[in-house]
1. Just the number, please: percent antiparallel of the DSSP beta bridges in the chain, rounded to the nearest 5.
2. How much of the calculated P(r) for region 179-251 lies past 15 Å, in percent of all Cα pairs?
3. Calculate the dipole size of region 198-334 relative to its Cα centre from +1 charges on Lys and Arg beta carbons and -1 charges on Asp and Glu beta carbons; express the result in debye to the nearest 20.
4. List, largest first, the extents of the alpha carbons of the chain along their principal axes, each in whole Å.
5. Residue farthest toward the positive end of the dipole of the chain, with Cβ of Lys/Arg at +1 and Asp/Glu at -1: which of A4, V166, A247?
6. Farthest toward the dipole's positive end in the chain, which of Y269, V183, L203, given Cβ charges of +1 (Lys, Arg) and -1 (Asp, Glu) about the Cα centre?
7. Roughly speaking, what is the stretch gain from H51 to L315, that is 0.36 nm per residue apart minus the C-alpha to C-alpha distance, in nm to one decimal?
8. Taking the Cβ-Cβ separation of R123 and R91 as r and a Förster radius of 30 Å, what is the calculated FRET efficiency to the nearest 0.05?
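Please treat every number below as a calculation from the coordinates, not as lab data. Source: prediction; values computed, not measured. Glycine gets a Cβ as well: all are built from the backbone with ideal geometry, and neighbour counts include every protein chain shown.
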Amino acid sequence: MSGAIDLPLVRSLPSHGRDHATLLQELEALRVADADWRDGRVFSLVYDPGHAHEAFLQEAHSRYFCENGLNPMAFKSLHRMETDVVRMVGRLLHGDAETCGTMTSGGTESLLLAVKTARDRARRLHPWNHRPEMILPTTAHVALDKAADAFGVRIRRARLTADLRVDVRHVKRLINRHTVLVVASAPQYPHGVVDPVAEIGQLALKRKIPFHVDACVGGMILPFIEKLGRPVPPWDFRVPGVTSISADLHKYGYTAKGASVLLHRSKDYLQDQIFIATDWPGGVYASPTLPGTRPGGTIAAAWAGMQAMGEDGYLALARQTLAAADELRAGVRAIDGLKLLSPDDMPIVTWASGAPDVDVYAVADQLEARGWHIDRQQDPPSVHLTVMAGHERTVGAYVSDLGEAVRYVRAHPGTKSQGNAAMYGMMAKVPFRGMIKKTVRDMYLEMYGPEGGAKQGDPAPPQGLVGKLLAEHGEKIDRALDLYQRLRNRLTRRN
Ligand SMILES: Cc1ncc(COP(=O)(O)O)c(C=O)c1O
């Protein structure tokens, strides 16, 4: 996670092809500053299936490395594998003979397609609806915001109840004649909470509105948690009213990255997912997903990887995952000054401050300094951990470092207005969200603009207005923002 890349920048194509062995060495050298997920200190981004399974996935992937899933007639192999994968997931999620769908490149594409499908269904069935809307829980994944933007669907945001599940009464109030889709998560990413899918299903059925369950995280682990005898609220096709479900294979399916499934209750819903252009000079063109070319390797790796794992393999991984998550939860509970936001029996663990002198972002900085990769969240400030099977080895060390970090922050109150803690604190609390957007855009422009990649290390801390304010008035701003937050919470009756 540290160190600098010691290789010259490549800014134009070499005039002569370079030696393979050197390039492979350089590929390894480039990793020097990467998050080191193999040692179990990263709780997101990579779902480690273990060395043997990883090697098998690579082998399966490489067998179909060149093939293209764009044309199912040209590559019948990929089409066959894709339908097998869809059936395997459909069966796991208690679909029936009518359940169908496609593979996609990941959770974001599955959600984009779920929204496009709902919008196009509404266009077909309710052509008078020129202002399509969808109802999203506050905690729904942001890929749905991307989808709203891309497909011109307005978001109606539903509040949460105290247990962080979406408030069904609010969902009910938000439904109107423009609603084309209702969404719930199983579980949502920030706190690992499963929304009240059964109740929303009733509403969706009654109002004849499509209902998508985002199980990108849960799709390939909740069925096994349930089989292990832990309580899992109803969330899959057994729930009447659920019309589509997204389930990522590259998360708890432990397959190669670039693999998710979007399932529909029946062909009647699938039909609106398919894009068809009949008048293009290049020929009649049809595609069921967003990209044109689709890598064959991810399909082959999912097909082979899921079967290699089998039910018993996934059960074993779920058992290990829950053991690690249970240990982590118990450890967090035992640390004075912290509280858990996430529920039991889920693979996601989220902790927050339980005492006024424990600043989450200051604790996060301390953990980072001890070599952990941290996922900071806001509203309320918290740290998210997606726990996986491999974390069984490391949660003990995490809990021990977390305890030390909390004690350090309590003994050094100044840490909350220093370093990353000050910046994250301000970003989370500042009411002018446009200012935050601009600051983040500037960071990305620095990363991807003409100078992109030229600088070593993390992108510079925000320059512009946020940076200046932080440098000059950090503590005062923090106090003012705390006051603002307390007033706002009192007004909105939140804690
Ligand atoms: C609940 C949920 N939905 C969707 C996504 C998006 O998945 P991806 O990053 O594969 O696009 C995520 C990613 O973490 C997620 O947690």
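1. Working: 26 of 41 bridges.
About 65 percent, rounded to the nearest 5.
2. Values: 1316 of 2628 pairs.
More than 15 Å apart: 50 percent of the Cα pairs in region 179-251.
3. Working: 14 positive and 12 negative charges, 49 e Å.
In debye, rounded to 20, region 198-334 gives about 240.
4. Result, largest extent first: 64, 64, 48 Å.
5. V166
6. My answer, from the dipole projection, is L203.
7. Details: separation 264, 0.36 × 264 = 95.04 nm, distance 1.82 nm.
That works out to 93.2 nm of additional length.
8. Values: r = 32 Å, r/R0 = 1.05.
Efficiency, from the Cβ-Cβ distance: 0.45.
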